[in-house]
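*Asks:* Take this structure first; my questions come after.
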Amino acid sequence: MEDFLVLFQLGLPLALVTLGWFAGATTERRHYLDIKAREQKFLNQPALSSKQYDPELRVREAEMACGSVVVSIDHFKRFMSALRMLFGGEIQSYASLIDRARREAILRMKESAPDADAYLNMRLQTSSISSSTGREAIGTVEVLAYATAVKFAPVGQAEAESTTHEI
Amino acid sequence: MRGLILTNIDSVPGHRIVRHFGLVQGSTIRAKHVGTDFLAGLKNIVGGELKGYTDLLQESRSEATSRMVAQARELGANAVINVRFTTSSVAQGASEILCYGTAVVVD
């Protein structure tokens, strides 16, 4: 039902959709550039979902690191998803938004403990926090990333080698 | 930072656990105020990050964490391991943040 209303009530929705398209696409492109640049910086400080990195390295310090972000979709994406829901299939406009949010949350987590050598046992948690219900409800999600940030004790040659390991 | 080590793995790397105290937890339920809600409504038009909500949830998360830490301190622990966060919405416009872990003493 919602889909038909979205399709037929043109006018204001159309303006919102166009605005969402332009503004949304611009912010998305800029955000992706920003994310990629920041991810480059943390290339040698991997975040793992396992609890151990290298058993030969001795941990000097451990603390929790946490990062979160709340995002919402724009009206263009909402419109596209409404169309998609008529035919079924993957909703790509949502996927890119959540992908951005996840990567942003992970980066924020890393930035909250910037001099750690690795982030162990990283967990991602997504929860939906819509501000209203019904037809006007807009997809708003919070992504939280948390992990144990560890610093390794320097062991000379062995340490220098292991930090360049590919994960 | 808090003088108490928090990790989300089942040990404190580099230390040995000498005593377990069991589960400690802290939670908080927050509602956002009308101003944030209104701004978020405007931001919804173009999509993207809702800074007001991010700050709010971050703030309530640290509140929940510090309640958990206070409980662990009371027990005499000096670390909390296996820390987990959960978020659930209890009512419209309000969400609960729960933080729980195992209080331990490490050497």
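*Asks:* Which angle between 0 and 90 degrees, to the nearest 10, do you get for helix B:34-46 versus the longest principal axis of chain B when only C-alpha atoms count?
*Replies:* 70 degrees
*Asks:* If you don't mind, another one. If you take each beta carbon of peptide B:74-84 and count the beta carbons of other chains within 10 angstrom, what is the mean?
*Replies:* Going residue by residue through B:74-84 and averaging, the value is 1.
*Asks:* Return A:75, B:20, B:15 ranked ascending by Cβ neighbour count within 10 Å, so the fewest neighbours appear first.
*Replies:* Ranked by crowding around the Cβ, least crowded first: B:20, B:15, A:75.
*Asks:* Going by C-beta contacts inside 10 Å, put A:32, A:94 in order with the fewest on the left.
*Replies:* With the fewest neighbours first, A:32, A:94 line up as A:32, A:94.
*Asks:* Fewest Cβ neighbours within 10 Å first, please rank B:4, A:12, B:57, A:107 accordingly.
*Replies:* Arranged by neighbour count, lowest to highest, B:4, A:12, B:57, A:107 become A:12, B:4, A:107, B:57.
*Asks:* Just tell me which lysines come within less than 20 Å, Cα to Cα, of residue A:36; anything on the same chain fewer than 8 places away is out.
*Replies:* A:110
*Asks:* Of the GluC sites (Glu not before Pro) in region A:60-103, which ones lie in a loop per DSSP and count no more than 15 other C-beta atoms within 10 Å?
*Replies:* Those satisfying the criteria are A:90.
*Asks:* Per residue, how big is the convex hull around the C-alpha atoms of region B:40-95? Give it to me in cubic angstrom, could you?
*Replies:* Per-residue hull volume (Cα only) is 101 Å³.
All of the numbers you see were taken from the coordinates with simple rules; none came from a lab. Note that this is a predicted model, so its numbers are computed, not measured. Positions of Cβ are generated from backbone atoms using ideal geometry, with glycine treated the same way; all protein chains shown enter the neighbour counts.
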